[in-house]
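The structure under discussion appears below in the form of structure tokens.
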Amino acid sequence: MPLTVVVGGFFGDEGKGKVVSYLGLVDKPSICVRTGSINAGHTVNYGGRTWKLRIIPSCFLNETTKLMIAPGALLKIDVLLREIEETGTRGRVWIDANTGIIEDRHVESERSNEYLMRTIGSTGQGVGAAMVDRVLRVLKTAKDYPELSGFITDVSREVNEEVDRGGLVIIEGTQGTFLSLYHGTYPFVTSRDTTASGVISEVGVSPRLVSDVVLVFKSYVTRVGAGELPGELSPEEAAARGWVERGTVTGRPRRVAPFNLELAKRAVMLNRPTQIAITKFDALFPSVRGRRRWVDLPVEARRWIEEVGEALRVPVTLIGTGEDSMDMIDLRREVFGP
Ligand code: IMP
Ligand code: MG
């Protein structure tokens, strides 16, 4: 699987950070590329530690992986430098010359924009405002900042050359399919295309180079900010099911609904995955918590996975059963599977 793209199938917060960190540890990619921006928080738990990442690729746990930021991504320099220290990844992080740079004034402009903050429920990280400047061709990019000169590389060239050499590259998408600026629940969406095709465009690779698309679904659906959420539960019902979450970046409570097969089918159409990952499976079946083998799952849990795979006509290959990056059933590696 030389080039693997990981994207979210619902409204973000599906557990992409966990899936990508697992793939990093087990598949040991040569390169992991982060797309999107600092409005997206990816949480990684490993060996009793927790990292909340907004720009460093979630593969960082594997020390041989080069960590790259896509030319189509946007970062804020203070966030980048802080996360490099928190993850101890200095010397392994590379940025494209064209990566966009968010300035304080972009953050201020979003936070004083009532439509964005109240109607849309933006995270207020300045990402949309910086995208506006990018489209107007006035946004500064990484090459304009001498303090970033030591980080700069040609990310699309590095990725293309690595894949041509037969190396493994993972592209880490952010947010979810239905937050896509083009294919989501407009106008209640983010400022970029979050689908597999949008994500690879941010990196600068051809669709012909992609071997695997991993579409990540959580075992229930969450959404932060405004916009439709079919089957939304009351906060009391969500609490009764143990499905209470808060946003990684904003700390806002997330709205909750049960797993939605119709939404999942549309996400499959838009992303054409080769594999599906289901995260937080222990939220549906508490007895699977921490299990790492298919044979250790109860029959009803196996049947749920089989039915989802059949309905979507895509194999479920990864099943998250706990917070730790390694709490994963990996059906790519099991002799006995569904
Ligand atoms: P913005 O992209 O920060 O302006 O936010 C626009 C909408 O996308 C809001 O509803 C946000 O809550 C949502 N959003 C943006 N990034 C994420 C994310 O990483 N996870 C979940 N929702 C997000
Ligand atoms: Mg998140």
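The values are calculated or read from the model by the stated rules, or taken from the named source; none is laboratory data. Note that the coordinates shown come from a computational prediction; the quantities given were computed from them, not determined experimentally. Every residue, glycine as well, gets a Cβ built from its backbone with ideal geometry; the counts of neighbours run over all protein chains shown. Just the protein is used for accessible areas: all its heavy atoms, side chains included, with ligands, DNA and RNA removed. Shrake-Rupley method; radii C 1.70, N 1.55, O 1.52, S 1.80 Å.
Tell me, which residue of region 99-116 that is in a loop (DSSP other than H, G, I, E, B) and open to solvent by less than 20 Å² (accessible area, probe 1.4 Å) is farthest from residue 189 (Cα to Cα)? Full working, then the answer.
Let us first name the residues in region 99-116 that are in a loop (DSSP other than H, G, I, E, B), namely 99, 102-103, 112-113.
Now narrow it down to the ones that are open to solvent by less than 20 Å² (accessible area, probe 1.4 Å): 99, 102.
Working: 99: 22, 102: 19 Å.
Looking at residues that are in a loop (DSSP other than H, G, I, E, B) and open to solvent by less than 20 Å² (accessible area, probe 1.4 Å), I get 99.
When only residues in region 1-32 that are assigned to a strand (DSSP E or B) and over 11 Å from the mean Cα position of the chain (by Cα) count, which is nearest to ligand 1 (Cβ to nearest atom)?
The initial filter retains those residues of region 1-32 that are assigned to a strand (DSSP E or B), namely 3-8, 31-32.
If we keep only those that are over 11 Å from the mean Cα position of the chain (by Cα) too, we end up with 3-4, 31-32.
Working: 3: 23, 4: 20, 31: 22, 32: 18 Å.
Among those that are assigned to a strand (DSSP E or B) and over 11 Å from the mean Cα position of the chain (by Cα), it is 32.
Within region 42-63, can you find the residues that are of a type in the set (A, V, I, L, M) and more than 20 Å from residue 74 (Cβ to Cβ)? Break it down stepwise before answering.
Filtering region 42-63 down to residues of a type in the set (A, V, I, L, M) leaves 44, 53, 55-56, 61.
44, 61 - these are the residues of region 42-63 that are of a type in the set (A, V, I, L, M) and more than 20 Å from residue 74 (Cβ to Cβ).
Suppose we keep only residues that are open to solvent by 20 Å² or more (accessible area, probe 1.4 Å) and under 24 Å from residue 2 (Cβ atoms) within region 164-188. Which one would you say is nearest to ligand 1 (Cβ to nearest atom)?
Ranking the qualifying residues of region 164-188, first place goes to 168.
Identify all residues within region 161-190 that are assigned to a loop (DSSP other than H, G, I, E, B), more than 15 Å from ligand 2 (Cβ to nearest atom), of a type outside the set (D, E, K, R) and closer than 27 Å to residue 66 by Cβ; write none if there are none.
166, 167, 168
Looking for something closer than 19 Å to residue 55 by Cβ, assigned to a helix (DSSP H, G or I) and either more than 16 Å from ligand 2 (Cβ to nearest atom) or aromatic (Phe, Trp, Tyr) (or both) - is there at least one such residue anywhere in region 117-128? Full working, then the answer.
Taking region 117-128 and keeping what is closer than 19 Å to residue 55 by Cβ, we get 122-128.
Pick out the ones that are also assigned to a helix (DSSP H, G or I) and you get 127-128.
Then drop every residue that is not either more than 16 Å from ligand 2 (Cβ to nearest atom) or aromatic (Phe, Trp, Tyr) (or both), which leaves 128.
Scanning region 117-128, I find at least one residue that is closer than 19 Å to residue 55 by Cβ, assigned to a helix (DSSP H, G or I) and either more than 16 Å from ligand 2 (Cβ to nearest atom) or aromatic (Phe, Trp, Tyr) (or both), so the answer is yes.
Just the residues that are within 11 Å of ligand 2 (Cβ to nearest atom) and out of contact with any Leu (no Cβ under 8 Å at 6 or more places or on another chain), please, taken from region 9-35.
13, 14, 15, 16, 18
Looking only at region 40-57, count every residue that is among the aliphatic types (A, V, I, L, M) and in a strand (DSSP E or B) and tell me the total.
Initially, region 40-57 is screened for residues among the aliphatic types (A, V, I, L, M), giving 40, 44, 53, 55-56.
Checking the rest, the ones that are also in a strand (DSSP E or B) come to 44, 53.
Of the residues in region 40-57, 2 are among the aliphatic types (A, V, I, L, M) and in a strand (DSSP E or B).
Look through 53, 80 and report the one residue that is crowded, with 19+ Cβ neighbours inside 10 Å and in contact with a helix residue (DSSP H, G or I) (Cβ under 7 Å, 6 or more places away or on another chain). Even if it seems obvious, please write down each step before you answer.
Details: 80 fails: in contact with a helix residue (DSSP H, G or I) (Cβ under 7 Å, 6 or more places away or on another chain).
None of the others qualify; the one that does is 53.
Which one of the conditions (1) more than 17 Å from residue 184 (Cβ to Cβ); (2) assigned to a helix (DSSP H, G or I); (3) touching a Ser or Thr at 6+ places or on another chain (Cβ under 8 Å) does residue 270 fail to meet, given that it meets all the rest?
Every condition holds for residue 270 apart from (1).
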